[in-house]
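Okay, structure first, notes after.
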Amino acid sequence: MSAAIVDTPLDWDALVRTWHELDVPEGWRPEVTIEGIRMSPPPGGQHNLIADQLHEALVRSRPNGAGVFQTLGVTVPVVGGIYVPDLCVVPRAYVPDGSDPVPSEHVLLAVEITSAGNANHDRSRKRWAYAHGGIEQYLLVDPHDPDGAAVTLFSDPADGAYRKACRIPFGEKITLGSPFGLVLDTTEF
């Protein structure tokens, strides 16, 4: 996948405006990607339980002044995308008023929890976009990993890719880097 800026038929403001104007059913999340508009249905039970555990852990370890958000849109203009991570940590000062998405360069951590229907998108396309957007850490919680349920922390983005990855199976612990310093126990996942 190229690191080049995506050439879209609409300008960036028009893409954001289109995203705002989408008529989305309650609980669904729209994302604008290089492939088009993607709609994700409300997640199921296991997904929600994992998200709750992660949210609780992140609230305890977040930097002062940062919030943990579950429905915040994130813009990655360099790839022409607007994404809605399952969770993200952002300094509150950078959260826009209204429903505008936050620029990716302000996201300290993006978290995606795969479902059967979106696992490949989270594993590849979102990792690519988040790295291009300069999101320092991307935590992929993947109960659908073909090699066994796992958690992978991607970090150190450069040139549109994460240079470091740490993968552990469910049941082990993984450490999120600065500014979190969180040792996350995945036993309950």
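From the list Ala57, Ala116, exactly one residue is open to solvent by 10 Å² or more (accessible area, probe 1.4 Å) and closer than 20 Å to Phe170 by Cα. Which is it?
Ala116
Yes or no, residue by residue, for (1) more than 16 Å from the chain's Cα centre (by Cα); (2) modelled with pLDDT of 70 or more:
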position	(1), (2)
Leu10	yes, no
Glu26	yes, yes
Leu54	no, yes
Leu58	no, yes
Ser61	yes, yes
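Can you pull out every residue in region 149-176 that is open to solvent by less than 30 Å² (accessible area, probe 1.4 Å), small (Gly, Ala, Ser) and assigned to a loop (DSSP other than H, G, I, E, B)?
Gly160 - this is the single residue of region 149-176 that is open to solvent by less than 30 Å² (accessible area, probe 1.4 Å), small (Gly, Ala, Ser) and assigned to a loop (DSSP other than H, G, I, E, B).
Going by what's in this entry, would Ser124 be described as under 21 Å from Trp28 (Cβ atoms) and open to solvent by 40 Å² or more (accessible area, probe 1.4 Å)?
Against the criterion (under 21 Å from Trp28 (Cβ atoms) and open to solvent by 40 Å² or more (accessible area, probe 1.4 Å)), Ser124 does not qualify.
Confirm whether Ala110 is in contact with a Pro (Cβ under 7 Å, 6 or more places away or on another chain), free of Cβ contacts under 8 Å to residues at least 60 places away in the same chain, buried (at least 17 other Cβ atoms within 10 Å of the Cβ) and of a type in the set (A, V, I, L, M).
For Ala110, the condition - in contact with a Pro (Cβ under 7 Å, 6 or more places away or on another chain), free of Cβ contacts under 8 Å to residues at least 60 places away in the same chain, buried (at least 17 other Cβ atoms within 10 Å of the Cβ) and of a type in the set (A, V, I, L, M) - is met.
Let me spell it out: the conditions are (1) out of contact with any helix residue (DSSP H, G or I) (no Cβ under 6 Å at 6 or more places or on another chain); (2) part of a loop (DSSP other than H, G, I, E, B), and Phe180 meets all of them except one. Which number is the exception?
Among (1) out of contact with any helix residue (DSSP H, G or I) (no Cβ under 6 Å at 6 or more places or on another chain); (2) part of a loop (DSSP other than H, G, I, E, B), the lone unmet condition for Phe180 is (1).
The values are calculated or read from the model by the stated rules, or taken from the named source; none is laboratory data. Nothing here was measured: the structure is a model prediction, and the numbers come from that model. Reconstructed Cβ throughout: ideal geometry from the backbone, glycine too, with neighbour counts over all protein chains shown. In case anyone asks, the SASA skips ligands and DNA or RNA and just uses the protein heavy atoms, side chains included. Shrake-Rupley method; radii C 1.70, N 1.55, O 1.52, S 1.80 Å.
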